[in-house]
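Data block below; observations after.
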Amino acid sequence: MEHKKTVSLIGATGLVGSHLLELLQDDPDISLIKVLLRRPISYDHPKIQPIVIDFSDQDVFQSAIAGSNMIFCAVGTTNKKVQGNKEAYRKVDYDIPVHAATFGVETGCSQFLLISALGANSQSSNFYLQLKGETEKAIMDLGLPTVLIFRPSFLLGQRKEFRLGESAGILLAKPLTFLLPSKVKPITAQHVAQSMVAASKKDLKGHKIFHYREMMELN
């Protein structure tokens, strides 16, 4: 009989992360979900263990990750939240995922699942896409047995905060979805979360990147 798994989830309060948390808590293969948080949040579910940490404290971060079979990383910030500070942006979108993956390697974790972005490229002239590409590359170079990267285009769903650029893009893209190449089609946060959980069960090895079509095929 296969042992039930322990999962670490980073970014549980976000659009995709909140769906991931719901799916994982209902998954019979999962016995414990470590939800790593910056601020205290109470969860009324026996599987969920909220762990409030300072993500810059690497010893505490590693201790929180230890014992995880899988790490789901759905963390991300916005230019508005960091007030245009690129270093602050990097601390969230690069440092947290890369440190989490590093600690996963050090503590024997077998799978790392990351939400990235369409067009991620470490050589891009666009700061955001370059940062996402650098994050992907750094994680893939660490030697984890399985790294699964999800690159959605526009995310559909009810965010807690309003994002003007994203909302405008969705309004323009939605009526024309049938004309768009599959990679750039909008996708619901629910579908992204479902595809991540489904992919985690497939015993995939090495590195794999999922775009719209590959994510929808998992649902």
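The values are calculated or read from the model by the stated rules, or taken from the named source; none is laboratory data. Here the structure is a predicted model, which means the values were calculated and not measured. Positions of Cβ are generated from backbone atoms using ideal geometry, with glycine treated the same way; all protein chains shown enter the neighbour counts. Side chains included, ligands, DNA and RNA excluded: accessible areas come from the protein's heavy atoms. Shrake-Rupley method; radii C 1.70, N 1.55, O 1.52, S 1.80 Å.
Under 5 Å between amide H atoms, partner at least 5 residues away or on a different chain: which partners does THR146 have, H built in plane at 1.01 Å?
PHE112, GLY206
Is the chain best put as rounded, prolate or oblate by its Cα gyration tensor, with a ≥ b ≥ c the root eigenvalues, rounded for a/c under 1.5, and otherwise prolate when a/b is larger than b/c, oblate when not?
rounded
Amide H of LYS34: which non-local residues (sequence gap of 5 or more, or other chain) have their own amide H closer than 5 Å, using H built in the peptide plane?
Those lying under 5 Å, H to H, from LYS34 are VAL7, SER8, LEU9, GLN49.
Using a 1.4 Å probe on the protein chains only, how many percent of the accessible area of region 1-122 belongs to carbon and sulfur?
It is 47 percent, rounded to a whole number.
So what's the angle, to the nearest 10 degrees on a 0 to 90 scale, between helix 96-106 and the longest Cα principal axis of the chain?
Taking Cα atoms only, the helix is inclined about 40 degrees.
Could you do me a favour and compute the accessible area per residue for region 1-138, 1.4 Å probe, result in Å²?
I get 49 Å² per residue for this part.
Considering only Cα-Cα distances, which of the following residue pairs are longer than 19 Å: LYS80/LYS208; LYS4/LYS34; LYS132/LYS201; LYS5/LYS34? Kindly include the intermediate steps, with their values, before the conclusion.
Working: LYS80/LYS208 31 Å; LYS4/LYS34 14 Å; LYS132/LYS201 25 Å; LYS5/LYS34 11 Å.
Result: LYS80/LYS208; LYS132/LYS201 exceed 19 Å.
Which residue fluctuates most in the GNM of the chain (Cα springs below 10 Å): ILE115, ILE51, ILE65?
Comparing ILE115, ILE51, ILE65 in a Gaussian network model of the chain, the most mobile one is ILE51.
Explain nothing, just compute: Karplus ³J(HN,Hα) = 6.51 cos²θ - 1.76 cosθ + 1.60, θ = phi - 60°, for every residue of region 77-89 in order, whole Hz, x for Gly and Pro.
Rounded to whole hertz, the list is 10, 9, 4, 5, 5, 9, 6, x, 7, 5, 5, 5, 4.
In whole Å, what are the Cα extents of region 63-130 along the three principal axes, biggest one first?
For region 63-130, the Cα spread along each principal axis is 36, 22, 15 Å.
For region 24-41, take each phi angle, set θ = phi - 60°, evaluate the Karplus expression 6.51 cos²θ - 1.76 cosθ + 1.60, and give the result in whole Hz per residue in order, putting x for glycine and proline.
Values, residue by residue: 5, 6, 8, 7, x, 7, 9, 9, 8, 10, 7, 9, 8, 10, 7, 10, x, 9 Hz.
On a full-extension model of 0.36 nm per residue, what is the gain between ASP26 and ILE53, subtracting their alpha-carbon distance, rounded to one decimal in nm?
Values: separation 27, 0.36 × 27 = 9.72 nm, distance 2.50 nm.
Length gained between ASP26 and ILE53: 7.2 nm.
Given +1 on the Cβ of Lys and Arg, -1 on the Cβ of Asp and Glu, and no further charges, what dipole in debye does the chain carry about its Cα centre, rounded to the nearest 20? Kindly include the intermediate steps, with their values, before the conclusion.
On the way: 25 positive and 21 negative charges, 134 e Å.
The calculated dipole for the chain is roughly 640 debye.
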